[in-house]
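Following: one structure in structure tokens, then a few remarks.
The values are calculated or read from the model by the stated rules, or taken from the named source; none is laboratory data. All figures in this text were calculated on a predicted structure; none of them were measured in a lab. A quick note on method: Cβ atoms are made from the backbone with ideal geometry, for glycine too, and the neighbour counts reach across all protein chains shown. Heads up: the accessible areas ignore ligands, DNA and RNA and are worked out on the full protein's heavy atoms, side chains in. Shrake-Rupley method; radii C 1.70, N 1.55, O 1.52, S 1.80 Å.
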Amino acid sequence: MVGLLVALFSAVVYTIGLTVEQRALHGSESISINRPLHLVRVLLGNPRWILGCAFAALGSVGLIVSLGLAPVSVAQPAFAAGVATTLLIVTLVRGERITRGEYVALGVMPVALGLLGLSTVDGATTGTTANTPLLVTVSVTTVVACVTVMYLVGGGGRYVSAAAMGAAAGLAQGSAGLQGKGLGGLLADNGLWAAVVPALLSPYPYLYLLGWGVGIVLFQTSLQRSRASITAPVANVVGNVFTVVAGTLLFGESLPEDPFTLALRVGGFALTLVVVVLVRGNVAQAEADTSRLRGEPVRTE
């Protein structure tokens, strides 16, 4: 339960960062994954974006801590649900329009969190060590596949939607999430200071930077094209599915043995996925609205 609460608090901090980043990006030059040096210059030359990135990084650190305190099938969905719900609330507070499906999402996510919380009462086994060679293979393959597909599609002159780019970013960030689970396990087993040397000698921090770097480039581009309450849930839920499934297997975490508790866990996880279906129908309208806001031509592809 402590891990669940840490994940929710981290989601709020992360969402604050996303909101600041979005406002900074909507007022900056257009960026593209096909112009990486220009993208880096625009991002690092924007103090508001750097501030938002710092808050998002703090939220990510909190997620790492929560992954060492609770099973990945609890902490990761809770974080994704918290981000999605908070973003929709921020959208409403700012007076922006949201769809009927997004209103439903606001009601679904608390239910999902409740089910996940109840499922931690019994059978919440937390794995702290993984099959390292297999984890490295899965992580590197995933990141390389994301970069390759986005390069081939974008390089062919075809337009990549914010949702598709957000999904690719989610996979890359999901790869980083596996490393976060490994780092969280080292913290749980050794304590903060004693975990420093084992962490530096492990592949976790370096693979985390790789997944995070690729993910942030893809995500920031998708964030500029649309609004965070659409692109962030897509990225988080795709990454959530990947991290939960791969993390549960790689870290040897067992699901609750009690059928009722297992049903609560599976039900809570499934409801966090519903958000993708609820928000994806408004992606095109959100991209069009954002283009008009930025004074850019509206794409019709």
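Extending 7 Å from Cα along the Cβ direction at Ile50 and again at Leu255 yields two label points whose distance is 4.6 nm.
Surface calculation, 1.4 Å probe, protein heavy atoms: Phe269 sits at approximately 40 Å² accessible. Largest accessible area first, the listed residues Leu178, Leu5, Leu249 line up as Leu249, Leu5, Leu178 when surface is computed with a 1.4 Å probe on the assembled protein chains. When only the Cβ of Lys, Arg, Asp and Glu is charged (+1, +1, -1, -1), the dipole of the stretch 1-109 relative to its Cα centre reaches about 200 debye.
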